[in-house]
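Presented below is the structure to which this report refers.
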Amino acid sequence: MSEMIYLDHHATTPCDPRVVDAMLPWLTERFANPHSDSHAAGREAADAIAEAVQTIATTINAPASSMLITSGATESINLAMRGVMTHPRNRRNHMVVCTTEHPAVIDVATDLQRSGIEVSYVRVHPQSSNDGGAAGTIDLDALADAVTDQTALVNVMIANNEMGAIHPIAEVARITHEAGALLHCDATQAVGRIPVDVDSLGIDLLSASAHKFYGPKGIGFLVAGGTRRRVRLRPQIVGGGQQQGLRSGTMNPAGVIAMATAIGLGLEDAPRIASLRDRLWETLRSEIDGIELNGPPLSDPSVRLAGNLNFRLLSVEGETWMAATPGVAFSSGSACSSANPSASHVLLAMGLSESEARRSVRFGVGRFTTEQLIDDASEQLVTAYRRF
Ligand SMILES: Cc1ncc(COP(=O)(O)O)c(C=O)c1O
């Protein structure tokens, strides 16, 4: 791994050394159970968690009282979607999901559908769109058509993990609330990369994972209840009654403190990261014939994440190029689930053919990527491609 150039920062990010320094004492000398309020060591851990939760809440402008600590975005998403839809006082049986959501959302929707909940999928603007919408961003007219007075929850991610599209969340929230529904945003790719303001965007529930913003794996959070609307959740994990009974289990002080430290380091330096991403794109585009961008324009940071690059090759499959370039970590347009890699549902939802999706690749530039690393990676990628 030491020689590998890591350009896959949508999959995960390295733990920032400052995060590791902040968390270590909570694994060793300050190891008390934060729920042991009978002694000072336990209370110290509880206070440290409360302070860390406040830091996270302040950074995203959400009430600290609405924060639940989880094992990561997948758990947060399960708690948000199942928690709202299956709450005994929820009378609405319909849910909306954007077609390009992560499987962590789509698979929960499919599961809820099996238990009788109705789900509508809302399309995004296609790649070859001439309707004025940025490719890959949600079609707001379709969303307005999909919501009804039976809709309890609308699920739209803030930023997409494959082609970096940033959805118009404030408008999504307006349409959602007009129908009397709640808005859940998977913010896994957004937190740490672009400003996220729960209150001004009108988000009711928000899911995130620390390892996507230079924190450790296995810790995340759910905002359940922005400042304006009440959110009722049915717990998915029951046990000791921690976190108001909404997510039982001993909390992880080192993880929460690490997550707060990571979020407190601020946003990635988007202009620097965008210029490295553009450098990679320009080199590859000039050296490799016929490659085409997937997703919104790179030039507009309001609709595309700075570090994201996704494009399709003329004739070579992404998997083949990846296998031929072992020194660079990037990913392809197929999701390797089980033995049968299927073409990315995100690219298909944008109107790409199965073959185009299979010929697609994704790069993610990160905080510790340098110009030298981009140049070395480009050279390896071009050399490997010329052998085909
Ligand atoms: C958009 C999005 N949502 C959810 C997840 C799931 O996050 P985790 O595996 O940390 O639970 C990911 C991870 O790739 C993601 O990119």
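The values are calculated or read from the model by the stated rules, or taken from the named source; none is laboratory data. Everything numeric in this text was worked out from a predicted model, so none of it was measured. Backbone-built Cβ (ideal geometry, glycine too); neighbour counts: all protein chains shown.
Here are some notes:
- Only one of D186, D204, D197 that is in contact (Cβ under 8 Å) with a residue 24 or more places away in the chain, under 22 Å from V96 (Cβ atoms) and more than 12 Å from the ligand (Cβ to nearest atom): D204
- Number of the condition not met by G327 [criteria: (1) within 22 Å of the chain's Cα centre (by Cα); (2) modelled with pLDDT of 95 or more]: (1)
- Residue selected from the range 94-110 under the condition surrounded by 14 or more Cβ atoms within 10 Å (Cβ to Cβ) and polar (S, T, N, Q), by the criterion farthest from the ligand (Cβ to nearest atom): T99
- Residues considered: A270, A258, A224. Of these, the only one that is in contact with a Pro (Cβ under 9 Å, 6 or more places away or on another chain) and crowded, with 24+ Cβ neighbours inside 10 Å is A258.
- The single residue among R367, R359, R386 that is touching a helix residue (DSSP H, G or I) at 6+ places or on another chain (Cβ under 9 Å), exposed (fewer than 14 other Cβ atoms within 10 Å of the Cβ) and either of a type in the set (D, E, K, R) or within 28 Å of V191 (Cα to Cα) (or both) turns out to be R386.
- L233 farther than 26 Å from V365 by Cβ and either within 15 Å of the ligand (Cβ to nearest atom) or touching an Asp or Glu at 6+ places or on another chain (Cβ under 6 Å) (or both): no
- Scanning the range 207-230 for residues that are within 16 Å of the ligand (Cβ to nearest atom) and more than 22 Å from V256 (Cα to Cα) yields a count of 0.
- Unique residue being in the same structural domain as P103 (by TED's automatic domain parsing) and within 16 Å of the ligand (Cβ to nearest atom) when the list is I49, I56: I56
- Within the range 34-64, considering residues that are touching a residue at least 24 places away in the same chain (Cβ under 8 Å) and of a type in the set (S, T, N, Q), the one nearest to K212 (Cα to Cα): T59
- Taking the range 265-305 as the range and being more than 19 Å from F330 (Cβ to Cβ) and in contact with a Ser or Thr (Cβ under 7 Å, 6 or more places away or on another chain) as the test, the residues that pass are P296, V303.
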